[in-house]
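Okay, structure first, notes after.
Values quoted throughout were computed directly from the atomic coordinates according to the rules given, and no laboratory measurement underlies them. This is a predicted model, so every value here is computed, not measured. Every residue, glycine as well, gets a Cβ built from its backbone with ideal geometry; the counts of neighbours run over all protein chains shown.
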Amino acid sequence: MATNGNYGRGVISDDDPTADWTRPGVFRCAPDVYRIPLPLPEDGLRAVNVYAVADGEGWTMIDAGWSLAASRQLLARALETLGGGLADVHRFLVTHVHRDHYTQAVALRREFGSRVALGRGEQSSLELINDADRVASRTHLARLRRAGAAELARRIEAELPPPGDLSLWEPPDEWIDDGADIALTGRRLRAVATPGHTRGHVVFADETADLLFAGDHVLPRITPSIGFEPVPPISPLADFLTSLELIRTRPDAALLPAHGPVGMRVHERVDELLAHHGKRLDATLAALQEGRSTAVEVAAALPWTRRDRSLDELDAFNAMLATLETMAHLDVLVERLAATAEERDGVRYYGT
C-alpha cells in the first residue's frame with residue numbers, strides 16, 4: 001500500500017521545469033503530490049500529466065490518461081515507485097471529458113473498482129457520445145461546413161477512424177458541481193468550473209498548499225483548443241475568456257498543468273493567455289477588414305502554432321481545430337459589435 005509522505009527509489013524529488021517534461025518518471029512537485037507524464041499516440045501532444053495525490057493509505061489521481069497499454073504500464077510502474085499500485089487508487093478526479101484525460105479512468109475502474117468523478121457540464125457530451133443514433137464527430141463536420149470549409153470537412157470525414165470502444169465513455173460515478181469541496185486525507189480541494197476548452201472543464205484548487213491542478217484550462221506553453229467537443233456551447237471562446245478572468249480573481253498558485261512543465265505561477269500565465277487572445281482578436285478583425293468573410297478564409301490569413309505555420313501546412317485534424325477556433329474568435333467579435341454575421345446556404349459569413 002502507498003504510504004502518505006514516503007516515496008520509493010526512482011522519484012525525482014524536485015520537478016525541473018527546464019528538463020523535457022514528457023520524459024517518463026515520477027516527479028515530486030509538492031509534498032505528497034507527484035507528476036506522472038503518460039504517453040499519447042500523437043506527434044503534437046506527446047504526453048499528458050496526471051497527478052498522484054497521497055490520500056490516506058492510497059491515492060487520488062487528478063486525470064487518468066488515454067486508455068493505452070503503454071500508458072497503463074507506465075502508470076502502474078510509477079505507482080510502484082511510490083510504494084503502491086493501480087489498486088491503491090481510490091478515485092480519479094477528471095478535469096474534462098477528452099480522451100487523454102478520461103478513458104483510462106473508466107478502464108481502471110473496471111479492474112479495480114476505483115471511483116471516477118467528472119464535471120457536471122460534461123454530461124451532455126457523454127450522452128451524445130453514447131447515443132447509438134447519433135455520431136458525435138458529425139458535430140464537427142457540420143461546424144466546418146458552417147465555417148465555409150466544406151472541402152476540409154470531406155477530408156476529415158474520409159479519414160475518420162472507427163469509433164472504437166464506446167464503453168470507455170461510460171458515465172462517471174459522480175458529477176462534480178462548481179464550488180464543490182473535495183476532502184482528501186489532510187487536504188481539501190475546491191472544484192472550480194472553467195468552461196471554454198470544454199463546457200464542463202473543472203480545475204482543482206488546493207489553496208492551503210498553494211496549488212492549482214489546471215487540466216487544459218491554463219497551459220504553460222500552448223493555448224488549448226476551444227470548443228472541440230461533441231456538444232459545443234454558443235460561444236466557447238467567450239466562456240474561456242470569462243473562465244480565465246475568474247481564475248485571475250482567485251488566489252495565485254503554482255501551476256500544475258495537464259500538458260507542459262511545472263514552474264509557472266497561475267496569474268502570470270493567465271495574463272499571457274488573455275493578452276494572446278487579445279492580439280488574436282485584433283488579427284482576426286484585420287483579416288475581416290481585408291475582405292475575408294468566412295472562418296476558413298480568415299484562418300488561412302493567420303499564423304498557427306508556435307512555428308507560425310500557415311493553415312495549408314497543418315494536417316487535416318489541426319486545420320479543423322484552427323478553423324473552428326477562428327470561428328470562435330469571429331463570434332466574439334460579433335458579440336462585441338466589432339463585426340457582423342449572417343447565414344446563407346448553411347455558411348456563416350462575417351463582415352465589418
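Under 5 Å from the amide H of Leu211 lie the amide H atoms of Asp206, Ala254, each residue being 5 or more positions distant or on a separate chain, with H modelled from the backbone and absent for Pro and chain starts. With a simple spin-label model that places each label point 7 Å from the Cα along the Cα-to-Cβ direction, the separation between Thr305 and Glu42 comes to 1.3 nm. The residues Val262, Val89, when put in order of fewest to most other Cβ atoms within 10 Å, stand as Val262, Val89.
Taking the fewest neighbouring Cβ atoms within 10 Å as the starting point, the ordered list for Leu314, Leu74, Leu144 is Leu314, Leu74, Leu144. Shown here for segment 255-352: trypsin sites (Lys or Arg not before Pro) in loop regions (DSSP other than H, G, I, E, B) with at most 11 other Cβ atoms within 10 Å, namely Arg306, Arg307, Arg336. Karplus-based coupling profile of segment 342-347, in residue order and whole Hz: 8, 9, 9, 6, x, 10, with θ = phi - 60° in 6.51 cos²θ - 1.76 cosθ + 1.60 and x standing for Gly or Pro.
Other residues whose C-beta falls under 9 angstrom from the C-beta of Asp206 contribute a net charge of +1, scoring Lys and Arg +1 and Asp and Glu -1. Between Ile176 and Leu118, Gly119, Arg120, the built amide H atoms are under 5 Å apart, and every one of these is 5 or more places off in sequence or on another chain.
Take Met320, Met264 and order them by how many other Cβ atoms sit within 10 Å, fewest up front. Please list the in-between numbers first.
Values: Met320 25, Met264 21.
The fewest-first ordering by Cβ neighbours comes to Met264, Met320.
Solvent-free Debye calculation, one equal scatterer per alpha-carbon of the chain: log10 I(q)/I(0) at 0.10 Å⁻¹ equals -0.61.
GNM on the chain, alpha-carbon springs under 10 angstrom: the most fluctuating residue among Ala47, Ala76, Ala193 is Ala76.
Over the chain, dividing the summed -39,500 (n - 2.57) contributions of all DSSP H runs of at least 4 residues by the number of residues returns a 222 nm mean residue ellipticity of -10500 deg cm²/dmol. Entry note, segment 245-321: relative contact order of 16 percent, from Cα contacts under 8 Å with a spacing of 6+ residues. The antiparallel fraction among DSSP beta bridges confined to the chain stands at about 65%.
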